[in-house]
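Encoded as structure tokens, the structure appears first; notes follow it.
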Amino acid sequence: MVCSRVKLLDGKNILVTGVANRWSIASGIAHQLHDHGARLAFIYQGERVKGEVEKLAAELGGGPAIECDVSSDQALRALNDQVGKDFGKLDGVVHSIAFANKEDLMGKVYDTSRAGFSSTLDISAYSLIALVQALRETLNDRASIVALTYLGATAIVPNYNLMGIAKAALEASIRYLAFDLGERGIRVNAISAGPIKTASARQVKGFSLMLDKVGQAAPLRRNITAEDVGKTAVYLMSDLSDAVTADVHFVDAGYHAMGMYPDKSDALET
């Protein structure tokens, strides 16, 4: 007798942000959430990605795709109203939103402009706080919030620059939100994903070389996929992680634990 696959998210309503195209990490997460029975809604910003997000929403259950500028308090209030009307109470939110001007990811970090710093921190870090603020009455007790971060938040990754600073702020926000929401049983965690070929990742100078080096040096001797990240998101959204909050979960084939990186020939010696 063949047992059917256990679906860990049956009956859960989850809002997914940050889908840009079918290769984005948020898209990989959405597929895994859907496969485990979650009902999904999506938000997007601008006509440029509208078609891709609506197509994914139709493919993954037909939930709403809602336009929202997370830098606008008015837009966030409208989002809350529309989610409540068209989708219902939320059991989870995936935050996969980040932005920096390309020029602020190049050169020296001390060359970062004041305006660039402000907009990057607003969209990449404060947007999580703003989403929680807008949706707090729409979130069910014992809901789960998961944000995407990266190793550059706590370690130097050349050329990641301002985005590393923004991710550090995001990770701090996760811890404080976890404390404030804990009285309702709402969990707030992050996934620190290894490098994946996405449109945003390619904005980082030297990304292709980074991908090669990580795959060689990581304990599992490989790079990761959006599917890998999605599987961890399923766990964090499910009741299996009921006692897990204020944490950063690395999904990077173990790369974050390496302190010295042998070259390829050394790594193969026994």
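We did not get these values from a lab; they are worked out from the coordinates using the rules stated. Since the model is a prediction, treat every value here as computed from it, not as a measurement. Cβ placement follows ideal geometry from the backbone for every residue including glycine, while neighbour counts extend to all protein chains displayed.
Summary of values
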| item | result |
| --- | --- |
| Relative contact order of region 13-255, pairs being alpha-carbon contacts under 8 Å that are 6 or more residues apart, as % | 21 |
| Positive-end residue of 100, 145, 217, charge dipole of the chain with Cβ unit charges | 217 |
| Cα-Cα over 28 Å, subset of 7/167; 55/85; 12/102; 167/213 | 7/167; 12/102 |
| Inter-part distance where region 3-40 and region 108-153 are each reduced to a Cα centre, Å | 21 |
| Pairwise label distance in nanometres, residue 208 with residue 23, each label 7 Å out on the Cα-Cβ vector | 1.2 |
| MRE, 222 nm, helices only [DSSP H, n ≥ 4, -39500 (n - 2.57), over the chain, to nearest 500] | -12000 deg cm²/dmol |
| Calculated P(r) tail over 13 Å for region 26-67, as whole % of Cα pairs | 45 |
| Residue list for region 20-39, given a label point 7 angstrom along the Cα-to-Cβ vector of residue 197 and an amide N cut-off under 16 Å | 21-25, 28 |
| Cβ charges +1 (Lys, Arg) and -1 (Asp, Glu), total dipole of region 13-255, debye | 580 |
| Extended-chain gain in nm, criterion 0.36 nm per residue less alpha-carbon gap, residue 225 and residue 242 | 3.6 nm |
| q = 0.12, 0.13, 0.17 Å⁻¹: log10 I(q)/I(0) that the Debye formula gives for the chain, counting C-alpha atoms only | -0.72, -0.85, -1.42 |
| Extension gain, residue 67 back to residue 109 (0.36 nm per residue minus Cα-Cα distance, nm) | 11.9 nm |
